[in-house]
Each structure stands twice: as C-alpha cells, then as structure tokens.
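Only one structure is covered here, and it is reproduced in the block below.
No value in this document is a laboratory result; all are computed from the given coordinates. Because the structure is a prediction, the values reported are computed rather than measured.
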Amino acid sequence: MEIIVSLLIGAAAGWLGSMIYKGSGLGLLGNVIVGILGGFVGYWLLGKLNISLGNGWIGIVLTGALGAIVILILFNLVFRKK
C-alpha cells in the first residue's frame, strides 16, 4: 500500500512540476520518476535551507514538485533541443 501511495504522490508532484516548468514533456512514467526523485531532491534542498513546507500530504507534494522543477531545469539544460 505504501508503494502505491508513494507512486501517486510522485505522479502528482511530477505532474505539478511539469505544469509549472514548461520544458520537454516526459510523459506519465517520466513524471512519476521525476516526481519521486524530486521528493528526495526537494527534501535535501529545503533541508539545507532550513525550510519546511509542512508535514501533511500537501507539503509532501509541494516539496516533490519543487524538487521536480529543479530536476526538469537540469534535465533541459543537459538535453537541450537545438
């Protein structure tokens, strides 16, 4: 059950991140992967800055979306279409 919840939260965070940062689309699976990885990046980044967006599911999705935006920016810088 926890894996399904993690995937759903990752999908929501990845989708939100891709809506905020308009770059190359990664599709549903790409959004889930970026959202899950974005959760780790978001918690690491916000932890370094001593910022908390809350500990409810909304805070988790916002933190994941922030991390997803960072990942999408880096992804588009590396794999820029010419």
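For the chain, the extents of the C-alpha atoms along the principal axes are 41, 31, 16 Å, listed from largest to smallest. Against the chain, whose longest principal axis is taken from its Cα atoms, helix 27-48 shows a tilt of about 60°. If you fit an axis through the alpha-carbon atoms of helix 57-78 and take the longest principal axis of the Cα set of the chain, what angle between them do you get, 0 to 90°, nearest 10? Rounded to the nearest ten degrees, it is 20. Rounded to the nearest 10 degrees, the inclination of helix 2-20 to the longest alpha-carbon principal axis of the chain is 50 degrees. Mean residue ellipticity at 222 nm, helices only, the chain: -26500 deg cm²/dmol; runs of at least 4 DSSP H residues each add -39,500 (n - 2.57), and the sum is divided by the number of residues.
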